[in-house]
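Bear in mind these aren't lab numbers, they're just calculated from the coordinates by the rules spelled out. Keep in mind that this is a model prediction, so the values were computed, not measured. Quick reminder, even Gly has a Cβ in these numbers, built from the backbone with ideal geometry, and neighbours come from all protein chains shown.
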Amino acid sequence: MPEETAVIPISRLQEELGTYNVLLCFFRGYREDISEFRALFPGAHVVDYLSSIYDRGVLESMDATYVTDHLKEFNRIYNLLEDKLSKDSMQAYLNAKINKDARYLFPYVRRPQYFSESGIVEDLTLHDNEVLVNCGAYTGDTLKDFLDVCNGRFRKIYACEPDPVNLEKLRDFIRQAGIEDRTKVVDKCLGDKREAVRFLSQGTMLSRVEAAGTAAGAEAAGTGGDDGVAEAGAVLVQAETLDHVLGGERASAIVMDVEGNELKVLQGGQQVIQRDEPLLALAAYHKKEDLVVLVDFLKALVPDYRFYFRVHKPMAIDAVLYAGKRAGERVNG
C-alpha cells in the first residue's frame, strides 16, 4: 500500500508544525502578487516562488545594489553583444533577477536551449560535421535536442557526465538513439586541472563539484573524514581537463552547464579553445558575476569571438552566453 500522507487545513498549520515554509511551484503564480499568499500563511517562515529560492552552491541571488555597483562592467558586456535580442534578453534577465519577477523574461524565451538560433544566426548555426563536447550531459536531454536540430548528422560527440545515476541513464539514451559508434562517454568531472575534487552526486541535474569554500569548511571542522565525504553525497573523485580529454582531437562546438564550475572548465580547455575556436554555449546564470567573468576570459583567449545571450526558460535560470565566429567561414566536410 502507498504511504499515507496527512492533509491538514491551513488554519492548523501553525499549531501542527510550529515553523514551516511555503514554496509556490505552479507556473501561473509568477504572474500573481505574492502578498495574498503571505497573508494566507501568516505563520510561514518563508513564502516564495520556486525561482526565488537560492542554493549557495547552485544559484546565487542578485539584487539592485549589486547591479548598480557593477554597472560599468554590465554595460561593457551589454555593448559587446552582437544583436538586439541578446541585449533585450540581458536586460530582461537582470530585471527578473533583481525584481524576482520572471515576467520580464516571457517575451524572450527561446527553445530548444543551446540550439534555438541554429539556422537563424550564422555564428550559432550547426554544421553537418560537428564534433560536439557536452559538458554536464546529464541524462541526454541536450543530446536529444542536438540530434533533432542536426537531423542526426554529426561527426562525433563527447558526452561528459560524472554522476553515476545520471551516467547510467545517459548510456541508455545513447544506446537507444543508435549513436554509440560516434559517441565517447567521459565519466569524469571537468575542471581547471587534473586533481581530486569533492563531487556532490545527487542523481539529478544539480549534481556538481562542491564549492571550494564548502569543502574547505568541512575539512577545517573535521567533518570530512577519511572516506573523503564532506557532507551528504560529497565524495572525492578525479577531475580531468578538457585539454587532456580531447588530446589532439578537435572540437567544433562546446555546450556547458556544470552548475557554476564553467570558468574552471574553460580554464582547463584553453588549448582547445585557442586552437579550434569552437562555437561555445555556456550556462551563465549560476553566479552573479558569470556574464562578466566568462566574456572577459573568452575575449582574452579568442579576441574575435562574437557574443550572444539568450534565455531559455520563463524564469531566471538557463540563461546562456554564446561565443562564435562562424559567420562567413568556410565549412570543410
Can you compute the modelled spin-label distance between Thr19 and Leu40, with each label point 7 Å from Cα toward Cβ, in nm? 2.4 nm
How many nm is it between the label spots at Asn151 and Gln271, if each spot is 7 Å from the Cα in line with the beta carbon? 3.7 nm
For Lys325, put the label point 7 Å out on the Cα→Cβ axis and report which residues of segment 263-281 keep their amide N under 12 Å from it. 273-279
Based on other C-beta atoms within 10 Å, arrange His286, His45 from fewest to most. His45, His286
Taking neighbour counts of Cβ atoms within 10 Å as a proxy for exposure, in what order, fewest first, do Thr125, Thr142 appear? Thr125, Thr142
Only Cα pairs under 8 Å and at least 6 apart count here; give the relative contact order of segment 51-171 as a rounded whole percent. 18 percent
Work out how much length Ala64 to Asp181 would gain on full extension: take 0.36 nm times their residue separation and subtract the Cα-Cα distance, in nm to one decimal. 37.2 nm
Sequence of Thr19, Thr5 once ranked by neighbouring C-beta atoms within 10 Å, starting from the fewest: Thr5, Thr19
Considering amide H positions built from the backbone, and no H for Pro or chain starts, which residues 5 or more places from Val209, or on another chain, come under 5 Å of its amide H? Leu200
Is there a pair in Lys100/Lys156; Lys72/Lys313; Lys72/Lys193 whose C-alpha atoms are over 30 Å apart, and which pairs would that be? Lys100/Lys156; Lys72/Lys193
